[in-house]
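*Asks:* Handing you a structure now.
Every read-out reported here was derived from the displayed coordinates using simple, explicitly stated rules and does not represent laboratory data. The structure presented is a predicted model; accordingly, all values stated were derived computationally and were not measured. Cβ sites come from the backbone with ideal geometry, for glycine too, and all protein chains shown count toward neighbours.
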Amino acid sequence: MKMTFRWYGEGNDTVTLEQIKQIPGVEGLVWALHHLQAGEVWSEEEVMKVKEQADQYGFHLDVVESINVHEDIKLGLPTREKYIENYKKSIENVAKVGAKVICYNFMPVFDWTRTDLFKEMEDGSTALYYDNEKVQSMDPQQLIELTTKDDSLTMPGWEPERLKHIESLLESYRSVSEEDLWNHLTFFLQEILPVAEANGIKMAIHPDDPPWSVFGLPRIMTSEQSIERLLSISDSPSNGVTLCSGSLGANPKNDIAKMIRRFHERIPFAHIRNVKIYENGSFIETSHRTEDGSVDIADVVLAYHETGFTGYARPDHGRHIWNEQCRPGYGLYDRALGIMHLWGLWDAYEHVKQGRES
Ligand code: DNO
Ligand code: MN
């Protein structure tokens with residue numbers, strides 16, 4: 001398991017590279033050019049700038065998250081051709097700084113959805129929260145107003161600039177079924193996988209978060225069956241999954257450890273975090289410990305350990321603790337604690353294994 005940490009870039013993140021360097025066992029940054037819109041080419045010059053910063057601290061840039069897919073590709077519009085060509089150029093350019101995995105998602109309009117970015121928990125910390133009833137009863141415009149008040153504190157994928165056109169965006173999806181979305185994903189992958197392969201890059205789709213339809217939009221990466229179907233699109237080693245235990249884990253029917261044991265060869269990137277699910281379908285992001293949430297994180301890490309996982313991992317999100325002011329889910333403290341919890345489990349399993357072998 002290679003441990004990584006998501007970093008939003010100089011001047012765009014409250015966490016510094018100096019701080020990340022002091023978290024045990026972190027070897028690489030999970031990065032992106034966050035100032036670019038979906039569909040734009042990531043130029044060689046721009047990716048080189050990130051490399052220069054990472055080099056100063058000895059971090060690799062093996063994992064990109066995310067090169068976002070333009071809506072026209074998801075909608076299957078004729079204009080997708082141009083954006084697919086741009087995507088190919090971006091793949092080639094990130095390969096020049098050593099990228100080996102590109103995490104992406106195929107969620108229409110919204111990336112991950114939450115109703116509360118700083119929901120207070122019993123111990124006084126705050127965390128990202130999804131209120132199922134609120135989402136059912138709200139229109140998207142209300143939710144946008146609730147979660148994008150301050151530009152610097154929005155969730156990635158909820159850029160106010162893009163969501164200005166929300167009504168027409170939603171309208172354009174009215175006639176797009178889940179089957180259509182699968183077809184558009186297939187078209188996209190068939191175009192880009194040869195380029196990814198030629199550049200030694202694995203494409204790793206991130207599951208939908210939450211793993212069900214919101215606002216009537218089609219969502220297709222939600223379960224073990226979806227992963228099976230995604231992998232059947234192409235046997236290319238470049239066609240893989242970012243297995244996010246928190247996203248898939250919001251549905252109690254998803255057995256994450258089982259998915260790891262089944263699909264481990266096609267998981268180049270692991271997001272490992274916990275969520276606590278409530279009976280009405282709401283959930284909150286908790287600490288990484290199994291006992292604090294609904295996902296058996298100890299078994300998730302065991303599954304990676306047993307299958308000899310050599311891919312990349314990150315703690316995904318954390319709570320906001322010790323009064324840290326940061327991007328929702330992306331503070332330093334709780335993600336660092338999460339990493340140490342993951343290493344604790346991993347090292348213990350390794351210790352037991354070595355003991356058995358000697
Ligand atoms: C959710 C997070 C997301 C994710 C993007 C991937 O679990 O990991 O921000 O990074 O959806 O494109
Ligand atoms: Mn994730």
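*Asks:* Principal axis lengths of region 2-357 from Cα atoms, whole Å, largest first?
*Replies:* Cα spread of region 2-357 along its principal axes, largest to smallest: 58, 47, 40 Å.
*Asks:* Mind ordering 245-258, 344-357, 188-201 by average Cβ neighbours within 10 Å, highest first? Mind dumping the intermediate values first?
*Replies:* Details: 245-258: 20.8, 344-357: 12.3, 188-201: 18.6.
Ranking the peptides 245-258, 344-357, 188-201 by packing returns 245-258, 188-201, 344-357.
*Asks:* Then there's this: Show me the ranking of peptides 302-308, 329-335 by mean Cβ neighbours inside 10 Å, starting with the highest.
*Replies:* Values: 302-308: 17.6, 329-335: 22.4.
Highest to lowest by the protection proxy: 329-335, 302-308.
*Asks:* Give, in nm to one decimal, the length gained when the segment between S232 and R174 is fully stretched (0.36 nm per residue of separation minus the Cα-Cα distance).
*Replies:* Details: separation 58, 0.36 × 58 = 20.88 nm, distance 2.71 nm.
Net length gain for the segment: 18.2 nm.
*Asks:* In a shell of Cβ-Cβ distance under 10 Å around F263, excluding F263 itself, what net charge do Lys and Arg (+1) and Asp and Glu (-1) give? Before the final figure, lay out each step's value.
*Replies:* Details: positive: K258, R261, R262, R266; negative: E224, E228, E265.
Cβ neighbours under 10 Å give a net charge of +1.
*Asks:* Next question, about the same structure. For region 239-358, what does the relative contact order come out to in percent, with C-alpha contacts under 8 Å and a separation of six or more?
*Replies:* Values: 193 pairs, mean separation 26.4, N = 120.
The normalised contact order for region 239-358 reaches 22 percent.
*Asks:* Peptides 31-38, 15-22, 317-324: what's the order by average Cβ count within 10 Å, highest mean first? Could you put the intermediate results ahead of the total?
*Replies:* Values: 31-38: 16.8, 15-22: 14.8, 317-324: 20.0.
Top to bottom by mean Cβ count within 10 Å: 317-324, 31-38, 15-22.
*Asks:* Determine the dipole magnitude for the chain: charges of +1 sit on the beta-carbon of Lys and Arg, -1 on that of Asp and Glu, nothing else is charged, the reference point is the Cα centre, and the result goes in debye to the nearest 20. It would help to have the intermediate numbers written out before the result.
*Replies:* Details: 36 positive and 57 negative charges, 130 e Å.
Result for the chain is approximately 620 debye, rounded to the nearest 20.
*Asks:* Could you compute the net charge surrounding Y304? Neighbours are other residues with a C-beta less than 12 Å from the C-beta of Y304; K and R count +1, D and E count -1.
*Replies:* Neighbour charge sum, excluding Y304 itself: -1.
*Asks:* May I ask for the distance between the Cα centers of region 158-216 and region 30-79, given as a whole number of Å?
*Replies:* Region 158-216 and region 30-79 have Cα centres separated by 16 Å.
*Asks:* For the chain, return all DSSP H helices satisfying: extent of Cα atoms along own axis at least 24 Å; mean Kyte-Doolittle hydropathy at least -1.0. Write down the numbers at each step before the final one.
*Replies:* Numbers: long enough: 178-198 (30 Å, 0.10); 333-357 (36 Å, -0.67).
Span-like helices, by this rule, are 178-198, 333-357.
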